[in-house]
């Protein structure tokens, strides 16, 4: 207030000086009266101004003290807008802001953003695959079996998700931790009998730190063999996971979710490269015929029931990614991935006195690309080829077989060729309607030989895919899918509500077909459901129609 009075005093002095020095046309007798009148008017104006300033000062103090009675009402443009915490830009998997919003909250310097969705899913299949919402592509039944002549239906909320993203800025480090779960855990055999007590399951749990051009991740995440939509990012919205509702994504798409440690370097806005290690799994499933004299060696591999397989060392993966943005929202992404894997086993040779360990090193690689003709339409494609890469194809075939030597006294591991590929498009017809279609295939090479350890019948063929092999020894599995996703409404404060349909047609062809037996197994299936998406997760719908 003292400052205000001084300002008005200066203005008053200047006015008086100006009035005294200004020429006047009035007579000398009336000048003193006019000057006095002018001074009186200025005093009144000053008094009114001081009253107005004092009133404003009281209101300011009231606002500072949180007084609701004295506070000025907020204008619409001053009210805080609801903010959806969308997933990070593809160049970084960490949050670019550490400010709380209506969809997040802060504890100390950590920003917590819960998300997920409630999914009521209905599944119809024309044959009985004995699967839940994750279709067992490798076991589509033939029509010469009971399961191949009867349909199946179930309703479930197992596909529902809960996730939590935690972000913070620590010095020059941009930190993000991400946890995601669903309800497709190891359910009891009678889970559908009465209470449907589906088990919560860990999907993802990792921490990612970025400083400058470097990025380091540790935890359980999507493997780098999984195709990206852009960059090297680990967040689900950064990955080309299709719009399919099937828990196993689709035939032709290699992936795992496993414990990993990896580092990436962003050369510039277009190029990025990284190297990482992840949990391996030497796998034979129930596909491989073992040497008669060494059948016990099967316990050293994951046969579908063995969680303690003696893996040799971590799988090593590297990924090179290229991204370029064009005008009118167009975007191109391409990537190449390299894989090194190893298996080992031990056995005591026949007539030997000590155990001997044998191993083999395999590997492979993949390429993938997608191009957005516009923000509303993109095409996607990927290809994968390997020696021993079955671990990344949802276990639809074996990684390795066991080969006996020529005299039948010892054995060594031998990899099975495995390849896959898929292509498709995703079209956002409007803000509420999205369509997508994909086709894909898995392929396994045959690797068979006589069982020289079987002295009673040394001509018996063992391994994988040989003459007389069971029809579970798959040569190819193929799938074509069509998706329709309809968003009824979406609000940044209340989330989104969606209706979806997936239709798929699949075929499975084995290496050996017995006389007068069907050559292929066929399956049609439909997924139909309703999904409520929490507000923070609904922000991902700006990039992909299916919540990620």
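Read-outs throughout are calculated quantities, based only on the coordinates presented, and are distinct from any laboratory measurement. Nothing here was measured: the structure is a model prediction, and the numbers come from that model. FYI the Cβ positions are ideal-geometry reconstructions off the backbone, even for glycines, and counts take in every protein chain you see.
Taking the centroid of alpha carbons for each part, segment 361-419 and segment 481-548 are 25 Å apart.
Assuming R0 = 22 Å, what is the FRET efficiency of residue 106 and residue 200, from their Cβ-Cβ distance, to the nearest 0.05? Efficiency, from the Cβ-Cβ distance: 0.25.
Summary of packing: across the peptides 460-469, 282-291, the per-residue average of other C-beta atoms within 10 Å ranks them, highest first, as 282-291, 460-469. Under the simplified labelling scheme, the residue 456-residue 279 pair shows an inter-label distance of 4.0 nm, with each label point 7 Å from Cα along Cα→Cβ. Binning all Cα-Cα separations of segment 105-542 at 10 Å, short to long from zero, yields these whole-percent fractions: 4, 19, 29, 27, 14, 6, 2, 0.
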